[in-house]
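Student: Sharing a structure with you now.
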Amino acid sequence: MNEETTEFSNFGKAGIVAIVGRTNVGKSTLVNHLLGEKVSIVSDTVQTTRNLIRAILTEDRGQLVFLDTPGVHKAKGDLGKNLNKAARSAVDGVDVILLVIDGSSKPELEDDGWLRRIAREEIPCIIALNKSDRGIKFHDAYKALWKEIKAEKESVQEPIWAGVSALNGDGMADLLTTQFEKTPEGPALFPDDILTDYPRKLNIADVIREKLFHRLHDELPHAVAVWVEEIHEGEKKWDVEASIYVERHSQKGIVIGEKGRLLKWVREQAEKELYEMYGVRFKLKLWVKVEKNWRKNFWILKKLGYA
Ligand SMILES: Nc1nc2c(ncn2[C@@H]2O[C@H](COP(=O)(O)OP(=O)(O)OP(=O)(O)O)[C@@H](O)[C@H]2O)c(=O)[nH]1
Ligand SMILES: [Mg+2]
């Protein structure tokens, strides 16, 4: 036996967990809680997550790579459809599927779709009934729905159910243990000090977008994209120039706000959070640009990593 094989047997668990589900159920909140750090932005707007985000947890038991995905949602334009496609294909080739459900609200069409999808899978699946802090009223409804689907599809899948709250942490330690149990043994996929391989430029853009989402309502968040043009990494502070794309002139006014107040708030909140994330001061320069129909523009979607 050569040295490498001997070393291999000493490795712990290692695998990829795809975190999937309908939009707004708390997938990104759950990933952040598992990591103990914020790696993925969160908001109460649908389809907040727009890229696949890998978050890496390394500990004594081994290494889990969580794949945070855009939530599936009835889609109108190319952007929404691309996000749905990305989410659905994220489960290919992973070791464990973690389906997140909002157990405090009734099953919707997209939940039904995901249950049907996991019925086709033979790899281990865990179903997290999230938001237990808001009550567990619909847990039985989801279990009954699964039973129906399993029978109809003659599925061999036996998912493990877990009631959790990604917000207050209830059930989260057990959920992590279950994930390790279902993961095969193997060598780590990433160095142990890495938290995410999500590019810095995209992360900074996401933080700015999250702050915008907190202030924008209705359809407007979906018309907004953020692109970091440049990062100058100075010793004492980092200067970042970013463009905020909107689709119409009227939207530009809303994003800037009366006397520039909204944009100023976004800039200050983002600078504060980026400082906490990177431990270095940020100076953001934000430009709001009208880019007609960017959501249908393949090249822009590609640049933003949404296509
Ligand atoms: N009460 C409660 N709220 C939660 C919990 N987990 C997440 N939320 C809230 O649910 C909303 C959506 O959370 P996200 O983590 O952005 O949801 P997501 O599934 O990643 O959404 P998309 O990225 O749009 O697919 C946010 O307002 C969260 O604060 C929970 O356990 N309890
Ligand atoms: Mg998300």
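The values are calculated or read from the model by the stated rules, or taken from the named source; none is laboratory data. Note that the structure is predicted; figures quoted are calculated from it, not measured. Note that we place each Cβ from the backbone using ideal geometry, even for glycine, and neighbour counts take in every protein chain shown. Surface accessibility is based on the protein's heavy atoms, side chains included, excluding ligands, DNA and RNA. Shrake-Rupley method; radii C 1.70, N 1.55, O 1.52, S 1.80 Å.
Student: Would the stretch 139-252 count as rounded, prolate or oblate if I go by the C-alpha gyration tensor, calling it rounded below 1.5 in a/c and otherwise prolate when a/b exceeds b/c, oblate otherwise?
Tutor: oblate
Student: Order 278-288, 87-97, 202-212 from most to least packed using the mean count of other Cβ atoms within 10 Å.
Tutor: 202-212, 87-97, 278-288
Student: With N set to the residue count of the stretch 3-182, report its C-alpha Rg divided by 2.2 N^0.38 Å to two decimal places.
Tutor: Numbers: Rg = 16.1 Å, N = 180, 2.2 N^0.38 = 15.8 Å.
So the stretch 3-182 has a normalised radius of gyration of 1.01.
Student: Let me know the shape class of the chain, please: from the alpha-carbon gyration tensor, a ≥ b ≥ c as square roots of the eigenvalues, rounded when a/c is under 1.5, otherwise prolate if a/b is greater than b/c, or oblate.
Tutor: Taking the square roots of the gyration eigenvalues as a ≥ b ≥ c, the chain is oblate.
Student: Just going by the charge dipole of the stretch 153-252, with Lys and Arg at +1 and Asp and Glu at -1 on Cβ, which of THR196, SER155, HIS222 is farthest out on the positive end?
Tutor: HIS222
Student: Can you grab the distance from the C-alpha centre of the stretch 202-259 to the C-alpha centre of the stretch 142-167, Å, no decimals?
Tutor: 39
Student: Moving on to the next point. LEU167 versus LEU195, label points 7 Å from Cα toward the beta carbon: distance in nm?
Tutor: The modelled label-to-label distance comes out at 2.4 nm.
Student: Taking K and R as +1 and D and E as -1, what net charge do the other residues with C-beta under 14 Å from the C-beta of PHE66 add up to?
Tutor: My count for the surroundings of PHE66 gives 0.
Student: Pairs of Cα atoms under 8 Å, at least six residues apart: use those to get the relative contact order of the stretch 153-237, whole percent.
Tutor: Values: 26 pairs, mean separation 15.7, N = 85.
Across the stretch 153-237, relative contact order equals 18 percent.
Student: In Å², and per residue, what accessible area does the stretch 94-246 have when probed at 1.4 Å with the other protein chains present?
Tutor: 49
Student: Right, here's the next one. Run down the aspartates and glutamates and flag those whose C-alpha is under 15 Å from the C-alpha of LYS272, throwing out any fewer than 8 positions away in its chain.
Tutor: Counting by Cα, and skipping residues close in sequence, LYS272 has these aspartates and glutamates nearby: ASP206, GLU210, ASP239.
Student: Here's another thing I want to ask about it. Over all alpha-carbon pairs of the stretch 200-303, lay out the pair-distance distribution in 10 Å bins, whole %, shortest bin first.
Tutor: P(r) over the stretch 200-303, rounded to whole percents: 15, 50, 29, 6, 0.
Student: Round to the nearest 10 and report in Å² the accessible area of ILE254, as given by a 1.4 Å probe over the protein chains' heavy atoms.
Tutor: Counting only protein heavy atoms, ILE254 exposes about 90 Å² to solvent.
Student: Kindly provide the helix-only [θ] at 222 nm of the chain, computed as the sum of -39,500 (n - 2.57) over DSSP H runs of four or more divided by all residues, to the nearest 500 deg cm²/dmol? Show your work: numbers first, answer last.
Tutor: On the way: 10 runs with 113 residues, N = 307.
Estimated from H runs of four or more residues: -11000 deg cm²/dmol.
Student: If you place +1 on the Cβ of every Lys and Arg and -1 on the Cβ of every Asp and Glu, how big does the dipole about the Cα centre of the stretch 200-303 come out, in debye to the nearest 20?
Tutor: Magnitude of the dipole: close to 260 debye.
Student: In degrees, nearest 10, range 0 to 90: what is the angle between the Cα axis of helix 200-215 and the longest Cα principal axis of the chain?
Tutor: Taking the Cα atoms of the chain, the angle to 200-215 is about 80 degrees.
Student: Spin-label point model (7 Å from Cα, Cβ direction): what's the ILE231 to GLU268 distance in nm?
Tutor: 2.5
Student: I'd like the carbon and sulfur percentage of the solvent accessible area for the chain, probe radius 1.4 Å, heavy atoms only, ligands and nucleic acids excluded.
Tutor: C and S atoms contribute 49 percent here.
Student: Roughly how big is the chain's charge dipole about its Cα centre, with Cβ charges of +1 (Lys, Arg) and -1 (Asp, Glu), in debye to the nearest 20?
Tutor: 1880
Student: For the stretch 33-136, what log10 I(q)/I(0) values come out of the Debye formula at q = 0.12, 0.14, 0.20 1/Å, with one point per alpha carbon and no solvent?
Tutor: The computed values of log10 I(q)/I(0) come out as -0.45, -0.62, -1.31.
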